[in-house]
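Right, one structure below, let's go through it.
The values are calculated or read from the model by the stated rules, or taken from the named source; none is laboratory data. Just so it is clear, the model here is predicted, and its values are computed rather than measured. Here the Cβ is made from the backbone with ideal geometry for all residues, glycine too, and neighbour counts use every protein chain on show.
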Amino acid sequence: MASSTPDKTTTPADVAFAQDAFKRLKGEIHKVIVGQDEVVDQMLLAMFARGHALVVGVPGLAKTLLISTIARTLSLDFSRIQFTPDLMPSDITGTEVIEENRATGHRELRFVQGPIFANVVLADEINRTPPKTQAALLEAMQERQVTMGGLKHDLPRPFFVLATQNPIEQEGTYPLPEAQLDRFMFQIRIAYPSLEEETEIIRRASEKSTVQLDAVLSADDMDRVSKMVEHHPVTDHVIAYALRLVRATRINEPMDNQGERPRLVSEYLSWGAGPRASEYLVLAARAKALLNGDPMATVEHVKAVARPVLRHRILTNFNAEADRITTDAIVDDLVENTPVDGMHQRDRKQVDAVMRS
């Protein structure tokens, strides 16, 4: 079977290092964060794959605490930006000031860096600020640089934007445009804690300020694991499956002779995912495999990351809103009914039944 792995691939020692780093990070994070295992995993997956993440949840679910806790477990610079309606682009990127050179007596412009110049940037309540200010993040997130006065200023490496958004308060908010949503590798949704978890949260409430967190990974360690993610083996078979998932969402495009489009996709989508979704599905699957200690990315790893990669890249129509069909339900239907090996799911079930008889 053909492999789409670069010349340099991961070794068993690399896999062991990455898996150990992942476990140590989770151990430190859970000193503060109760439960939310899937959310923590997805956040770290995105960061190890050099991606940005948008965290969506109602108030009080520790979105901000989670991100700040992750930053404390890494030897990285951390910056928090509270997005408000009066925030200006220069409040994020920085600005030029006139400064007098005491040696020459001449005045000159000097660039003063904004809070975007950090390794981990928490963009808190990103939908609270107008599009002009939201757009200030676009170049930084995509190009890892800021342009001011015609000069480019490189952002520190590594660089992650971890944004939060409240899904229920829509008064006075500015929904993120699709172009900016697409730059987030994952959209991560935080649910309410279970009864046991909420009980433990209350028990720990008085201990938050006394918890000591160790910085278990350096910037060099993060960069090392990120390079492993890029080189972790994945076969053409897995890439083909990821492509089938994404291309099936494009309702105005043909199905490439691969059977019927899943029912929920056909009935409830108005727009499908773009090529960046395919790229991130494969990259996230590589990260999932590496951090799980698996020797290569498989179809199961692609399925495991389909929700956070696709849920913010597909647009539902009016029928979906009327029938209360969520993007997660559509992604689940897509995963369940997309052929893994080019064979339609119904045919595969029939073959499996024959083989078992």
Looking only at residues in region 119-152 that are polar (S, T, N, Q), surrounded by fewer than 23 Cβ atoms within 10 Å (Cβ to Cβ) and not in a strand (DSSP E or B), which one is modelled with the highest pLDDT?
119
Subset of region 22-39 [crowded, with 20+ Cβ neighbours inside 10 Å and not in a loop (DSSP other than H, G, I, E, B)]:
22, 25, 28, 29, 39
Please verify whether region 65-85 includes one or more residues that are touching a Lys or Arg at 6+ places or on another chain (Cβ under 6 Å) and without any contact (Cβ under 8 Å) to a residue 24 or more places away in the chain.
no
With among the polar types (S, T, N, Q), over 15 Å from the mean Cα position of the chain (by Cα) and within 20 Å of residue 204 (Cα to Cα) as the only criterion, which of 11, 69 stands out?
69
Counting residues that are within 30 Å of residue 293 (Cβ to Cβ), which helices (runs of 4 or more DSSP H) fully inside region 171-246 reach at least 3?
195-204, 219-231
Meets criteria (more than 22 Å from residue 295 (Cβ to Cβ), surrounded by fewer than 19 Cβ atoms within 10 Å (Cβ to Cβ) and either of a type in the set (Lys, Arg) or at pLDDT 90 or above (or both)) for residue 80
yes
Of the conditions (1) of a type outside the set (Lys, Arg); (2) touching a Pro at 6+ places or on another chain (Cβ under 9 Å); (3) closer than 30 Å to residue 301 by Cβ, residue 79 fails just one. Which one is it?
(3)
Checked 266, 270 against criteria (of a type outside the set (A, V, I, L, M, F, W, C) and not in a helix (DSSP H, G or I)); the one match is 270
Identify the single condition in (1) exposed (fewer than 11 other Cβ atoms within 10 Å of the Cβ); (2) at pLDDT below 55 that residue 346 does not satisfy, given that it satisfies every other one.
(1)
Given the conditions (1) crowded, with 18+ Cβ neighbours inside 10 Å; (2) closer than 14 Å to residue 122 by Cα; (3) among the basic types (Lys, Arg), which single one is not true for residue 50?
(2)
List the pairs whose first member sits in region 99-111 and is modelled with pLDDT of 70 or more, whose second member is part of a loop (DSSP other than H, G, I, E, B), and whose Cβ atoms are under 9 Å apart, counting only residues at least 6 apart or on separate chains?
100/106; 107/101; 108/101; 109/149; 111/149
